[in-house]
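*Asks:* Starting off with a structure, shown below.
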Amino acid sequence: MGTPRVLILRAPGTNCDRETAFAFEQAGGQADIVHINRLLKESKLPSAYQILCIPGGFSYGDDIAAGRILANQIRHHLHETFESFKAHGKLILGICNGFQVLIKSNVLLPISPEGKAAATLTWNDSGKFEDRWVQLASKGDKCVFLRGTTSLYLPIAHAEGKFVARDEETLSQLDANCQLALRYTSCRSRDPEHVPYPDNPNGSLANVAGICDSTGRIFGLMPHPERHIHPTNHPRWTRAESTEQADGKIIFDNAIHYFS
Amino acid sequence: MTLWEIDIYPREGQPDLAASSITGDATDMGLSDDLPVTAARGYLVQGNIHFEQADQLARELLADDIVERTVVAVVGDPQLSQPPNEKPTLLHVMPKPGVMDPVAQSALQAIADFDLEVRAVRTFHKYWLGHLPEDALRAITTKILANDSIEEVVVGPLNLDELQVGSEYEFELIVIPLRELDDDGLLELSRQGQLYLTLVEMQTIQDHFKSLKRDPTDAELESIAQTWSEHCSHKTLAGRIAYRDENGEQRFENMLKETIFEATQQIRRNLGADDWCVSVFEDNAGIVRFDDHHNVVFKVETHNHPSALEPYGGANTGIGGVIRDPLGTGLGAKPICNTDVFCFADPNTPASALPPGVLHPRRVMKGVVSGVRDYGNRMGIPTVNGAIYFDQRYLGNPLVYCGNVGLIPREKSAKEPQEGDHIVALGGRTGRDGIHGATFSSAELTSESESLSGGAVQIGNAITEKMVQDIVLEARDRGLFNAITDCGAGGFSSAVGEMGEKIGAEVWLDRAPLKYDGLSYTEIWISEAQERMVLAVPPKHWDEFQELCQSESVEATIIGRFVPTARLQLNYLDHEVANLSMAFLHDGRPPIVREAYFQPPERAETVPLVVEDHGALLKNILSSLNIASKEWVIRQYDHEVQGGSVIKPLVGIENDGPSDAAVVRPVLDSLRGLAVSCGMNPHFGDFDPYHMAASAIDEALRNCVAVGADPSRIAILDNFCWGYTDRPETLGSLVRAALACRDLAIELGTPFISGKDSLNNEFSYLDENGQKQTIAIPPTLLISALGQIADVRTCITMDLKTPGNQLFVIGETNNEFGGSHFCLANKISGGDVPQVDVQRAKATFAALHQTIQSGHVRSCHDLSEGGLAVAVAEMAFAGGYGIHLHLNQVPHALKLKKTQESITALLFSESNTRFVCEVAPESVDAFTAAFAGIPVACIGSVEEEKQLVVDFEAENGTHYPVLNESIETLKQAWQSPLRWS
């Protein structure tokens, strides 16, 4: 197989598209940034790609709610396109705003028989946007993007990243199915279930920072792996705490290696 | 048509974040303790839809079913005014008609996907409050819930049938009978029309039209007022000034040109073939070389007056406006980082102590920070640098400086509109917002300003600007246009007038796309509606340009063309509404000689330096608002988007120490970096603006050099915010600061590449006795620095790294306490203001840079507010290690009699050009060798034990313990004052 091709989907207000494309290219992929208007006209376009990524930003200003308008466009016009992409065993990644879009478009988790969404991402308990680095525990047994990892150090930068499941049952099902792939952890707490603010920066239930679908090939996360692909991105690199293999890079490497 | 109301409440068990924030604000402002509030947000949706459809919109689009519940009904339905709990008082707050409502715009577009016939959408906030006395309710409404300049409040249920904005407009040419007016009439016209022109200027315009044997149209008069406004022409500082000080008299034909510009020209001449400036004081931002392929551009603007009236909107459009400067520089630079500096009054000021017409400083600060946050974050531009200064003289006039750095390909750095090019309006539509911003910003604020100039206040829509940016950069790379500029103050009038100055332009105002009907031709011409750019597009590229814009849903419209007439000709439908010569418009302003003088203040009394408890004093100074941690602000800004973050604004073992400067890597596959920092010392200006300016430049450079920037490649910007410069002594203090800028820039070889001024920052009101009171801001000069680093891996941070390393102080400590934080904390005045030994500064920066480059410095922090004591405390708690310091080893020229005085001076003096460096034992020889001829000494060491221990060994051998504080206590003192929720 040749170089995997990555479609980076951008909408008005998307703003992490370039560095995300750069991260995929560093990992050996070939990334194209495609505007949503073009995808709406050419819905077959993704068939030429192996990976589809919705990067961070504020699609449509996050007006109404974060990711909501782009998610609605996908639900109304691109449902088939995404389903077919999934069915072909390809990979989908949503970062921050992209995660919000994947959740709110029901691409990541199926809706209930009554038509209810399984989960949402809502306002941080702090009520405001925050940029800070978080320590994450990862489970790579199911999620393709997290293979070989157990912990990651990445920055978050969002206002609406609090993960809330529809109900207890949905949450425990996701947990049992290893879909709660990425969680905030704390070195200040002995109890892994209790991660105080700001280590859990938004009040997410079960400290969820990222989830995958039942196949492990669709993954959404609030932290920004594309902001930690160079050793000098680490906030304490001047304290010799960073390594050549920056944590965020692993996620892009895993995605590209999946096809080689 | 039915008007549906959709109320959205948090579901049972979900937090009501909006209500908590209001309750918190009410407590903090002393208005009410534990105010009971329930908050909802809502939408008014007007269209031919029935309940099921409105309910579908609520469930699938407007609300989040998992965490929210909705009430959907036709406006006026009793369901909507059922109190959700025991709070009977109902209030609605909504944007006034015509005020930008980005969420409503987006909602309307998103509803199109549902195939429903919806015509209009408006958002609102709904609040339920407990029983309150009427005056308490009014206080909470006006001070927290709503801002009268942009929002309306409806008490009780909403009662309206339709959402309507705009009205029919019938063309009527307005001619102003100018020729017949006497001097009083001219002044009255200037005042009534909010032209803010002086009598001599009005007379000059009158003479011009007398010679033309006709009267001007309103559009002509407005064009002249805007072009001649202080905001657009800088007529004061770029004008003739007769200046006197203790050295005699100097006359300037153009003060800025002969001081600050001239310094840059001299530096460029000295550099010869190595000149790295590209374009200075010409374009919307200054341009300097970066690497083989790119230049960088830098601009800082102020948005003070709008932020005083509506802090959120003012700061929002402030950052939005300055981003358009790099975007409108050359053929368009990509914005890569922001810097924001604010000046406020104490946020703990009692609400009862505020003069009429003044917003509470806490509300101003929260609003400004949110405004910058929401715009900068949405644009995807990291906000990496900033500062906040507090002084009660900013009560009526808060200062909001917004800056942006851009990256541009070298070959795209120049522009020139061509004859025949289309004049194209790109981006947002034109509305009645922002009328008279240019002239208003040049006037003094009064307690009446809110009602008089409310139209000058706006809300931005960052996503429109982001869409414009995406188009501009793509069209630039495809070579589709010849010139671009932003629509800032003065709107089309300013943008087209400037672009067409050397050619001539004709404009068809009726073609400009409008937000709503009813705008007159003059309103279209001078509206300062946000998110618009003007481009010169050659006809041969128009089709491709238009197609590109359509592909991303960005509106582009031909509104005129550049024609070789040397005239500005405006048309509306078939009517000519203005026809002015470009020469009169741009060069017809009468020269006025302004008087300026500076009288050095009497030498102030010396400051008493005997202190009982240095530890308590240090904690007190660390807790002073200027020095205290700004983490609450910094974390709300995305400082890492674009992926090139190298040195963040917060550094150290817990990612919360105060970095001297930020470093970014704008080209992701390169290691070359940019450092951004600033310097500002308004308190020094009370002593001598010359030394204030010199100190600000020294500080900006110190901060840049401390992280590893090359001092021979730092470009700086000046932003003067001053009081009423028609007063000779106020203008004199500004000239004096400009002279320092000239002197320092030349000596340091550090060019100014752009700048901006904001004058008349005074606030007047009538006190309870009917006496006019005026609060003037202190002279406030912001110096912003843009440094470069060849390889970012050589950068360092200020946090201590390793116990056992030695600590060196570089530079000499003098008895300089004028304007110091020692004095502010002790509420005393006097002392000598810090000065800069510029030759020594140049040598110090060069030597420090060389040692950092060679890897001999493990951490470095500059000494600024609070002096050595604050610097070492910050290094210690940022690094998580202790320090043992021998104060007597600090190089100084104090000549104080008492040892106790020397101790205090060594700890807290704010002398310039000083640093503390951490050096590993193996690097000590190389480090000290680099500083030959510069005062430098080892003063202590990094310790494992987390204590800051300072002692002083007198010459006679007496040992004085000075400080022994835990770094946790010091950190707590530094973090607690502004750690807001």
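The values are calculated or read from the model by the stated rules, or taken from the named source; none is laboratory data. What you see is a predicted model; the values in this text were computed from it and never measured. Cβ sites come from the backbone with ideal geometry, for glycine too, and all protein chains shown count toward neighbours. All accessible areas refer to the heavy atoms of the entire protein, side chains included, with ligands and DNA or RNA removed. Shrake-Rupley method; radii C 1.70, N 1.55, O 1.52, S 1.80 Å.
*Asks:* Looking only at region B:152-205, count how many residues are closer than 29 Å to B:D510 by Cα, out of contact with any helix residue (DSSP H, G or I) (no Cβ under 6 Å at 6 or more places or on another chain) and open to solvent by 50 Å² or more (accessible area, probe 1.4 Å).
*Replies:* Looking only at that region, the number is 14.
*Asks:* If you don't mind, another one. From the list B:F752, B:F763, which one is more than 14 Å from every other protein chain (Cβ to nearest Cβ) and under 30 Å from B:L671 (Cα atoms)? Outline the logic, then answer.
*Replies:* Working: B:F763 fails: under 30 Å from B:L671 (Cα atoms).
That would be B:F752, the only listed residue that is more than 14 Å from every other protein chain (Cβ to nearest Cβ) and under 30 Å from B:L671 (Cα atoms).
*Asks:* Could you please give the count of residues in region B:259-300 that are part of a helix (DSSP H, G or I), among the acidic types (D, E) and free of Cβ contacts under 8 Å to residues at least 40 places away in the same chain? Lay out the reasoning, then the answer.
*Replies:* So in region B:259-300, the residues part of a helix (DSSP H, G or I) come out as B:259-274.
Within this subset, residues satisfying the condition of being among the acidic types (D, E) are B:262, B:274.
Still in the list and also free of Cβ contacts under 8 Å to residues at least 40 places away in the same chain: B:274.
The qualifying residues number 1.
*Asks:* Something else now. Would you check if there is a residue in region B:492-500 being more than 14 Å from chain A (Cβ to nearest Cβ), open to solvent by less than 10 Å² (accessible area, probe 1.4 Å), modelled with pLDDT of 95 or more and not in a helix (DSSP H, G or I)?
*Replies:* no
*Asks:* Filter region B:87-112 down to residues that are touching a Phe, Trp or Tyr at 6+ places or on another chain (Cβ under 9 Å) and open to solvent by 50 Å² or more (accessible area, probe 1.4 Å) and give me whichever is nearest to B:L163 (Cα to Cα).
*Replies:* The residue in question is B:P97.
*Asks:* Could you list, ordered by first residue, the pairs with Cβ atoms under 7 Å in which the first is in region A:60-85 and facing another protein chain (nearest Cβ under 7 Å) and the second is of a type in the set (F, W, Y) and open to solvent by 10 Å² or more (accessible area, probe 1.4 Å), at least 6 apart or interchain?
*Replies:* A:I69/A:Y60
*Asks:* Only one of B:R363, B:R393, B:R410, B:R373 is in contact (Cβ under 8 Å) with a residue 24 or more places away in the chain and within 14 Å of another protein chain (Cβ to nearest Cβ). Can you tell me which? Don't jump to the end; show me each part of the working.
*Replies:* Working: B:R363 fails: within 14 Å of another protein chain (Cβ to nearest Cβ); B:R393 fails: within 14 Å of another protein chain (Cβ to nearest Cβ); B:R410 fails: within 14 Å of another protein chain (Cβ to nearest Cβ).
The unique qualifying residue is B:R373.
*Asks:* Could you tell me whether region B:466-483 includes any residue that is at negative phi, more than 14 Å from every other protein chain (Cβ to nearest Cβ) and among the acidic types (D, E)?
*Replies:* For region B:466-483, residues at negative phi, more than 14 Å from every other protein chain (Cβ to nearest Cβ) and among the acidic types (D, E): absent.
*Asks:* Which residue out of B:P803, B:P778 is within 14 Å of chain A (Cβ to nearest Cβ), out of contact with any Ser or Thr (no Cβ under 6 Å at 6 or more places or on another chain), assigned to a loop (DSSP other than H, G, I, E, B) and on the phi < 0 side of the Ramachandran plot? Walk me through it before giving the result.
*Replies:* On the way: B:P778 fails: within 14 Å of chain A (Cβ to nearest Cβ).
Residue meeting the stated conditions: B:P803.
*Asks:* Related question: Filter region B:162-184 for residues that are modelled with pLDDT of 95 or more and either within 30 Å of B:N48 (Cα to Cα) or assigned to a helix (DSSP H, G or I) (or both) and give the result.
*Replies:* Those that are modelled with pLDDT of 95 or more and either within 30 Å of B:N48 (Cα to Cα) or assigned to a helix (DSSP H, G or I) (or both): B:D183, B:D184.
*Asks:* Mind telling me which of the residues B:G679, B:G652, B:G685, B:G673 ends up being touching a residue at least 12 places away in the same chain (Cβ under 8 Å), in contact with a helix residue (DSSP H, G or I) (Cβ under 9 Å, 6 or more places away or on another chain), over 30 Å from B:F720 (Cβ atoms) and buried (at least 24 other Cβ atoms within 10 Å of the Cβ)?
*Replies:* After applying the criteria, what remains is B:G652.
*Asks:* Now, a different point. Can you name the helices (runs of 4 or more DSSP H) wholly within region B:862-981 that have at least 2 residues being surrounded by fewer than 22 Cβ atoms within 10 Å (Cβ to Cβ)?
*Replies:* Values: elements: B:867-879, B:899-908, B:924-930, B:967-975.
Answer list for region B:862-981: B:899-908, B:924-930, B:967-975.
*Asks:* Still on this structure, I have one more. Quick one: in region B:9-64, which of the residues that are over 30 Å from A:R166 (Cβ atoms) and free of Cβ contacts under 8 Å to residues at least 60 places away in the same chain is surrounded by the most Cβ atoms within 10 Å (Cβ to Cβ)?
*Replies:* Out of the qualifying residues, it is B:T27.
*Asks:* Going residue by residue through region A:162-177, is there one that turns out to be more than 15 Å from A:L109 (Cβ to Cβ) and buried (at least 21 other Cβ atoms within 10 Å of the Cβ)?
*Replies:* Taking every residue of region A:162-177 in turn, at least one turns out to be more than 15 Å from A:L109 (Cβ to Cβ) and buried (at least 21 other Cβ atoms within 10 Å of the Cβ).
*Asks:* Right, next: Which of the residues belonging to region B:109-143 are within 18 Å of B:P95 (Cβ to Cβ) and either at pLDDT 90 or above or among the small types (G, A, S) (or both)?
*Replies:* Quick first cut of region B:109-143, residues within 18 Å of B:P95 (Cβ to Cβ) only: B:109, B:119-127, B:141-142.
Within region B:109-143, B:Q109, B:R119, B:A120, B:V121, B:R122, B:T123, B:F124, B:H125, B:K126, B:Y127, B:T141 qualify.
*Asks:* Could you tell me whether any residue of region B:115-134 is within 30 Å of B:G431 (Cα to Cα), open to solvent by 60 Å² or more (accessible area, probe 1.4 Å) and within 14 Å of chain A (Cβ to nearest Cβ)?
*Replies:* Scanning region B:115-134 turns up at least one residue that is within 30 Å of B:G431 (Cα to Cα), open to solvent by 60 Å² or more (accessible area, probe 1.4 Å) and within 14 Å of chain A (Cβ to nearest Cβ).
*Asks:* With the structure loaded, tell me whether B:R244 is more than 28 Å from B:L568 (Cα to Cα), surrounded by fewer than 21 Cβ atoms within 10 Å (Cβ to Cβ) and either over 36 Å from the mean Cα position of the chain (by Cα) or basic (K, R) (or both) or whether it fails that test.
*Replies:* The answer is yes for B:R244.
*Asks:* Look at region A:64-79 and say how many of its residues are assigned to a loop (DSSP other than H, G, I, E, B) and surrounded by 24 or more Cβ atoms within 10 Å (Cβ to Cβ).
*Replies:* Summing the residues that are assigned to a loop (DSSP other than H, G, I, E, B) and surrounded by 24 or more Cβ atoms within 10 Å (Cβ to Cβ) in region A:64-79 gives 2.
Conditions (1) within 11 Å of chain B (Cβ to nearest Cβ); (2) among the aromatic types (F, W, Y), marked per residue:
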site	(1), (2)
A:L91	no, no
A:K104	yes, no
A:G115	yes, no
A:A119	yes, no
A:W123	yes, yes
A:W133	yes, yes
A:L136	no, no
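*Asks:* Look at B:V341 and say whether it is under 18 Å from the mean Cα position of the chain (by Cα) and within 28 Å of A:D63 (Cβ to Cβ). Steps first, please.
*Replies:* Details: under 18 Å from the mean Cα position of the chain (by Cα): yes; within 28 Å of A:D63 (Cβ to Cβ): no.
In short, no.
*Asks:* Given the conditions (1) surrounded by fewer than 22 Cβ atoms within 10 Å (Cβ to Cβ); (2) within 13 Å of chain A (Cβ to nearest Cβ); (3) in contact (Cβ under 8 Å) with a residue 12 or more places away in the chain; (4) not acidic (D, E), which single one is not true for B:N620?
*Replies:* Evaluating B:N620 over (1) surrounded by fewer than 22 Cβ atoms within 10 Å (Cβ to Cβ); (2) within 13 Å of chain A (Cβ to nearest Cβ); (3) in contact (Cβ under 8 Å) with a residue 12 or more places away in the chain; (4) not acidic (D, E) leaves (2) as the failure.
*Asks:* Identify the single condition in (1) modelled with pLDDT of 95 or more; (2) more than 14 Å from chain A (Cβ to nearest Cβ); (3) out of contact with any Gly (no Cβ under 8 Å at 6 or more places or on another chain) that B:E68 does not satisfy, given that it satisfies every other one.
*Replies:* (2) is the only condition that B:E68 fails.
*Asks:* Answer yes if at least one residue in region A:41-51 is in contact (Cβ under 8 Å) with a residue 60 or more places away in the chain, away from chain B (no Cβ under 11 Å) and either part of a helix (DSSP H, G or I) or surrounded by 24 or more Cβ atoms within 10 Å (Cβ to Cβ) (or both), and no otherwise.
*Replies:* yes
*Asks:* Something else: Looking only at region A:179-194, how many residues end up being open to solvent by 40 Å² or more (accessible area, probe 1.4 Å) and over 27 Å from B:V641 (Cα atoms)?
*Replies:* The number of residues fulfilling the criteria is 6.
*Asks:* Something else now. Right, A:F99: assigned to a helix (DSSP H, G or I), away from every other protein chain (no Cβ under 14 Å) and within 20 Å of A:H228 (Cα to Cα) or not?
*Replies:* yes
*Asks:* Okay, moving on. It is to be established whether one or more residues within region B:478-489 are touching a residue at least 40 places away in the same chain (Cβ under 8 Å) and surrounded by fewer than 17 Cβ atoms within 10 Å (Cβ to Cβ).
*Replies:* Kept after step one, since they are touching a residue at least 40 places away in the same chain (Cβ under 8 Å), are these residues of region B:478-489: B:478-489.
Filter once more, keeping what is surrounded by fewer than 17 Cβ atoms within 10 Å (Cβ to Cβ): B:478-479.
Yes; the residues of region B:478-489 include at least one that is touching a residue at least 40 places away in the same chain (Cβ under 8 Å) and surrounded by fewer than 17 Cβ atoms within 10 Å (Cβ to Cβ).
*Asks:* So which helices (runs of 4 or more DSSP H) stay within region B:517-611 end to end and still have 2 or more residues that are open to solvent by 30 Å² or more (accessible area, probe 1.4 Å)?
*Replies:* Those helices (runs of 4 or more DSSP H) span B:542-551, B:582-587.
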